[in-house]
Each structure stands twice: as C-alpha cells, then as structure tokens.
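A short reminder: the numbers here are calculations on the coordinates, not readings from a lab. Predicted model, so just to flag it, every value in this text is computed and none were measured. In this analysis, Cβ positions are derived from the backbone assuming ideal geometry, glycine residues included, and neighbour counts consider all displayed protein chains.
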Amino acid sequence: MRKLLGQDYLGRARSKRPDNPAYQFSEVHHQETTCHLLPLPLGERAGVRGELQFTQVSNFHELQFTPHPNPLPQGEREQVGGLSKPVWCAFLCLTLFLAGCSGSNVGYDPHLRYPLRDDVVFLSAPQDAPTAATPQGNLNATLAAYANHPGGKVVDPRDIPHQDREALRTELETLFGTPANPKLPGTSDSELVEGSKVYARHCASCHSLTGSGRGPGEWMHPFPRDFRAGLFKSATSHAKPSPTALKRIVRHGVPGTVMQAYDLLSDSELNHVVAYAIHLSVRGETERRLILKLEADEIEGTDIATESKLIAAKIQAEWQTAATAVEPNITLPTGEDAIRRGHELFASPTGASCISCHARYGHDDQYRYDGWGLAVKLPNLTRGEHRWGREPAELYQHIRYGIPAANMPANPQLTDAQLLDLTAFVYAMSRPAMLPDDVRKTLLSDPGDTTP
Amino acid sequence: MMMNTVPRWLRYWSIATLVVAGLVVLLGSLITTFRVGMSDPVWPTEPWFLVSNNEVWFNEPAPGFLIEHTHRLVAWSIGIFAVVLALGAWATEPNRRLRWAGFAMLVWLLLAYLALHGEMGSLWRARKLGGGLAWPAVSGFTCLLAALGVLTVCVLSLQSRTAGRGLRVLAALGLMAVMIQGLLGGYRVFLDQLMGTQLAAIHGSFGQVTLALLTAVMVACAPRRTGDALPEAERKRLAPWAVGFVCIVVMQLIWGVWVRHMASPVAQRLHLFTAFVVSGTALTLIIRILASSTARPRYGFYAYHLIAILAVQVYLGVEAYIGKFAIVGPEAMLPPNMRSIDTTSAVIRTSHTLLGALLLVSAVALMTRLQRKPVTHVELSQSPEYPEPQVVQASAVLV
C-alpha cells in the first residue's frame, strides 16, 4: 500500500489530459503499469488534496483516491463522528420518554368551558319533501338555508344581544358546570366526572364536546346524534328514552351506522357515560329553549337565571319519568295467519296504513325530514334496516308510540292483538322463511330487488 | 460502467410499490383529517367490499365511508405488491439453497398471515356482544414462527455476502412491515372501544416506518454504477448527518401523527420544536453536500429536492398550525381535535402530511445512497453487463 499525502494530485492529472479534465479517483483499477480512469459526469475541481491508496484485490490493484474535505476544519471530523451518536441517542430517549406523556385517558382540560351554541336552531323543515339525504360536511349551512324555503324556519343564536349571550353562558355554567366537572341535579358529581372521561375518550370525536354531533364526525353517515334537541329514536313510551335503553344502544351499537358496540366497557363505565350523555342533553335542551325564548323576546337577560332553572327542572322531570318506564314483555303470535293479518294492517289504508310512508315496503328510496331537520332515507324493512331496535319488544313500542324524532306517528287506535299481529309481520319482513308464500311474493314483487 | 443484479421488472415493481404506498398514505391522511377512521366499525371486511356491495355503494354516499374503504382496498393491494417484491428480490439470491429457503419462509409467512386473517374474521363473526375478546392464538403463533424463519434466512443471506443481499433483507423486512401495518390498521378498528385513537396513532406512526422501508427497497433495486458512491472519508463525513436527518424526520412525523390524532399539548410543542431541528439538520446536510466537490455531482439533485420540499412543507405547516390552533370565533372554544373541518383546511392538513411523507422518502433515499460503498471490481465482474474499461497509461496519471 502506498500513500500520497498532501499532493496536488488532480491538478497534475488534468495537465496530462486536457481533453478530459475530470476524473473519478475513488475507483481506479490499477493493473501492473496501467490504470483505468473513469470520468466524472460533472467534473472535478482542481487542487483537491487527498489520500491515494493501493489495495490488492484478487489479481488487481484497486487504487483509491480519497479527497480531504476542502478545507476540513480542525477537529470537525471528531465532532461529527464523535458527538453525533450520543446526541441522537439522547434525542431518541428524550422523545420516547416524552411520548409517554401524551396519553389521553385523563379526560378534559379543567380549564375548558362549554361553548355557547353557535349553529342555527332548527324549528321546521321546508314544505317540499326532500329528494336526497342531507349532504355531509356542511350541516350548519344546509340547515341555515332552510330559512329561504317555504315552511322552513330556523333561529340563529348569534342574533341574540351580546350581554344576553354572556348571561346565558354564565347561567348554564352555574347549572351544568364544565366538561371536566359537570353538574346535574339528582346525579352525583363523581359519576358525571367519570362519565365525562369515558365520553372524552370514546364519544367526543363524533358527538363533540357539547353533544352537538358536529365537528369532525359530520363527515360520517348518518350524522352523529345531536343530544341538544332532547330527541332520541330509542323505543319509549315517554318523551325521553330510559337510561336502560340508552345503555343498550351504547353497549350494542346501532347496526348499519358508525355507532359501534361498546360491549367491552364495564357496566359502571356504561352507566357513567349514559349519565353524562343525559347531562349533555339536558344542558343542550335548556340552552335551546332559552335561545328560542330570547329570540322571541319572551324573556329578557335578567330573567335567564330564573327561567333556566325552571326549564332544566322540567326537562329533568321528563328524564326521571322515563327512567321508571317498564319495557313490555310480549310474545309474538305464531302462525302464518297472524303475519297475514299484520300484512293487511300494514298495507290497508283503514288499518295502520304504514305503506303510505313505507311505500313498497321500503324498496323505494324515499326521504323525509326528521326532528333535527335532516333529510333521511326511510328504511327498507325487507332488509331488516331497523337501526333503533330489532327485537320484538322494541318494534312493538315503535309501532305503538311512534318515533317522534323521525316524525313517525303513533298508533293508539290499534288493539293489542292487532299490534302484536303487525309486530309479527314487521319482524318477519326481513326473514323470508317466516313469511307465508303469498305475502312473500307480494314483498318480493319489486322488479328492482330480488334479494330480501 | 454498470452493475445490475436486479431484474428490470423488479425495479419498476419497486417503484410501483412505493407509488401505491404513497396513495395509501394519502388516503390514511384523509381519514385522519376527516376523522372517519371508524366510519365502518366492522373489521375484517373483504378487500373488494366497496366494489362488490352495491347496496353499500349506493346507500352510503358519505365521503368518510368511501375514503375508509378505498384506504382498506389500496392497503390490501400494497400487500400484494410487497409479496411480489419480496419473492422477486429473493429470486436474485445466487445461492440456490438459500434462495429456496427464502421462498419457503416467505410463503409460510404469507399462508400464516392469511390464516390469521381468516381466524380473526371467524372469531369476529362468532363473537357475542359482551362476550369478551378471543385471540387467534394458533395462527398468531404460527405467524410469529414464520416471521422468525424469514429473519433467520435474512441473517444467513447477510452472512453469505453475496451481491444484492441488502435488497433481499430490506424486501423481506418491508413485507413484514406491511403485514404488521395491516394488522395495526385492523386492530385500530377492532379495538377502538378499548384503545380509542391511541392505536390509530400507532398505526399512523408505523405507516411512516413502512414507507421508509419500501423506499430503501426501491433504492436498493436501482443498478449500481462505478462512481456512484462517495469516497470513504466523504461518506463518513456525510452519512451520520443523513442518518440523523432520517431519524429526526421520523420523530417529527410521529409528533405530527400524535398532534393529528390527539392534539396532545406535549406533542404540539414537540412538533413545533422538532420542526426547527429538522430544518436545521436538513440545511446542514444540504450545505455539506453542495459544498463538497465529490458529493455535489452525485447528490446535488437530492439537495435541491430537499430544499424545495422543505420550503413548501414549512409553509404548509404554518398554514396548518394557524388553521388548527390559532383560530378565532366559537370554534376556538373547542379542543382542536373536535373542531369542524372545512375543505380548505382539509387540503392543507392532508398536503402537509403527504409532503412530510415525501420528505421522509427523499431523506431515506439519500441516506441509502450515501451509505453505499464503492463497487469493487469483483462485484463489477459479477454483472453480466461488465464491459472492458477504458485504459490509459499509468504514467499519464502517476507522476
């Protein structure tokens, strides 16, 4: 091995080859008296100092020219090679250590406050029936545009004077606390605090901080539930669903929607999160009613403190009444005759006349406005699209008491026997094997759909 | 003079794999932007679910559902790409026994992985609500054994010191990373009720590692030329900076993932702080490359490329930060991860994420190329395209 140190080696080479001024010296193959010079694509500057090494490779000599950095500050190489590894290691350890500090199980920031409602309050939908579902992504603008259509009515909370809004904010905070420390008369604070943590972790990404269903989740289908309207689609005989029904929805999810089952949560976690959801609903509904009253000039800013307590107490009484509801224990009639009778009630204008809305048993894409002002598609009952309860008892309650939030009417005129027949038919609609042949043919008569 | 031990089709395949991986990252980024990762809480679903299920296609027009299932479909296809890439890479192994051992281990891993998916699907379908979780123990353990088998042949390949060993090891690791990433994506849906968005953040972070590995595979597939490597001293001077740059970019991407999924205050600060470190490291590396008479001709393109990406990325980062954290109005009262998303902010955030991934790809490509050692004559002579070199008199050089 020979070393040529500190020589202006490239400059001399260039002087010998003026037609090809650039050479690659890092890979030069030397054999006896010849060497192979490989030209660089972009040229090389003259005056590079470096180190030349000959290495025996097989029967060749590999000649390697290693240029020194130009110029190489003293000690730089040691600095780059010596300090870099500890620095990178320290950085890696630090970041990995800090990664453990960004957990999300601690619930909300204690300084966080519930924001006052800013999106429009829906009152009534346009007269014309919708032809498509409400598009995702810009729900507030869609609802606000209802005011431009006949029959459509919305209220914009931003029209309320600033001092009234501030009074409303203060009073709501006094009554209902903050996200991290929620309050609701009749419910223990610790239960709500625990529920708030579960909600922040699992629910807030869709249902949002105030239970508005807005935020990132509004790009999903269907829209996440807005608790603030005080409306729910769960089967119930009262104005509000029972906590048991809400807990069932959380535990089982809502099939066909983005609401997944949370059956791995403990029973206490489910109870806590349901209590917190009720807290959000009561708070949101109180806020909604106060906004409507302020907008209609029924109350003034000074009345907010008194009025809010009255409204909250009234809403809470509805929830307490619903909590005492007993779910019906029914047994569906067996036999094809019961299903035939149920089919007649479903299709007959003098019976329940379900078919007037569920045209062709839901085969057609029909849209209706629901209680939140959303245009939603009526379910295809032959496919079992019962999102809000598919068990006989739930179907029974839906038919008897209707689904007010979906504008589905109640059927108080039906006798218990008729109701059971109708429930048996609706239950069997998505189970063709249970249907009598004639009824099944009628249900499958839709040319566009052959698979129930 | 060129040394080409990788078939041309494999080179193109590796590029296609990286392009499809970029598409997966884009779709994943859109999912996080719109928070639609749980728009279909069912997993596993068939890869062709979106196409085959007309009822879903026509009745679920929500953008979130379509994005999520397109992500699943393209992510499945990246698995196919990675499998072919790994098998193709092992086909270049000169040692016949090792080649077949590699094939056997990869096929075993693939079958075990498919069995794992199948068992997961059956367990999911058979699961009763409230019945707890059952784990695919048998297929999971088989998968683990197969992965160990693949790693063993990788070690043997490295010890054999044959040309292209790096490519084979990287391709096998890339395939395993894609498989792990697929499982993480599935469990992100499957275990959402236990882990929330934490698993989504891990899925997003590991996606960057997978992308880096596939980038390294692509670079390893490129043909070698004489003169494409730096001299030893120059390589030692630049390589640590390139490695450090990749590490910092990965860290920065992880903080970005954490910010996007959880908006954690710690992650917000670290993401901002690391942005300065990334910029500083990148500029140092770029200046060193451009100032070097030997590195500039070879890696000047990368340097200019990094400058361009960095400039746009900083701009997008500032815009994304302002759009997410520095807003006014009622939305400011909400935590950052609960604010509504309009189209403009979605485009900015997604572009920022995508460009971050592109920065990682460039950094890894530069690092991999900088790590190359000069092609020796012995290696050159193994190439079928080895020509007779130009000969000049030694006396003309060695004065």
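Tabulated data for the structure shown
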item	result
A:PHE425, B:PHE325, A:PHE122 arranged by Cβ crowding within 10 Å, fewest neighbours leading	B:PHE325, A:PHE122, A:PHE425
Residue mean of other protein chain beta carbons inside 10 Å, A:318-325	0
Highest to lowest packing among B:356-362, B:105-111, scored as the average C-beta count within 10 Å	B:356-362, B:105-111
Degrees separating the helix B:137-160 axis from the principal Cα axis of chain B, which is the longest one	10 degrees
Counting all C-alpha pairs of segment B:1-148, share separated by more than 20 Å (%)	64 percent
Per-residue mean of C-beta atoms belonging to partner chains within 10 Å, peptide A:136-147	2
Ascending count of other beta-carbon atoms within 10 Å, so fewest first, for A:ASP421, A:ASP164	A:ASP164, A:ASP421
Cα shape, segment A:163-287, gyration tensor, a/c 1.5 rule	prolate
Residues B:PHE34, B:PHE206 arranged by fewest to most Cβ contacts within 10 Å	B:PHE206, B:PHE34
Three-way shape label, segment A:345-450, alpha-carbon gyration tensor, a/c 1.5	oblate
In order through segment B:22-39: 3J(HN,Hα) via Karplus (6.51 cos²θ - 1.76 cosθ + 1.60), integer Hz, x for Gly, Pro	x, 5, 4, 4, 4, 5, x, 5, 5, 4, 5, 4, 8, 6, 10, x, 10, 5
Over segment B:194-265, volume per residue of the alpha carbon convex hull, in Å³	92 Å³
Separation of the A:LEU292 and B:VAL155 label points, Cα + 7 Å toward Cβ, nm	7.2 nm
Karplus-derived HN-Hα couplings along segment B:111-121 (A = 6.51, B = -1.76, C = 1.60, θ = phi - 60°), whole Hz, x at Gly and Pro	5, 4, 5, 5, 5, 4, 4, x, 5, 4, x
For chain B, built as a Gaussian network whose Cα springs stay under 10 Å, the top-fluctuating residue of B:GLY204, B:GLY130, B:GLY140	B:GLY130
Average beta-carbon neighbours from other chains, 10 Å sphere, peptide A:255-267	4
C-alpha long axis of helix B:197-221 to longest principal axis of chain B, angle in °	20 degrees
Placed amide H near A:MET408: partners under 5 Å, 5+ positions off or other chain	A:ILE403
Total formal charge among the other residues, if their Cβ is under 14 angstrom from that of A:LEU419, Lys/Arg +1 and Asp/Glu -1	-2
Separation in nanometres of the label points that stand 7 Å from Cα toward Cβ, at A:SER348 and A:ASN138	4.9 nm
Packing-based order for B:211-223, B:237-249, A:345-357, using average beta carbon neighbours within 10 Å, highest first	B:211-223, B:237-249, A:345-357
Where labels lie 7 Å past Cα in the beta-carbon direction, separation of A:LEU123 and B:TRP124 in nm	4.7 nm
From phi via Karplus (6.51, -1.76, 1.60), per-residue ³J(HN,Hα) for segment A:439-445 in Hz, x at Gly/Pro	5, 4, 4, 5, 5, 9, 6
Chain B: C-alpha gyration tensor shape, a/c 1.5 cut-off, then a/b vs b/c	oblate
Placed amide H near A:HIS221: partners under 5 Å, 5+ positions off or other chain	B:PHE65
Helix-derived mean residue ellipticity, 222 nm - over chain B, DSSP H n ≥ 4, -39500 (n - 2.57), to 500	-26000 deg cm²/dmol
Net charge contributed by nearby residues that have their C-beta within less than 15 Å of A:GLY402 (K/R +1, D/E -1)	+2
Cα-based helix-to-principal-axis angle, B:165-190 vs chain B, degrees rounded to 10	10 degrees
Net length gained if the chain between B:TRP100 and B:TRP76 were fully extended (0.36 nm per residue, minus Cα distance)	6.0 nm
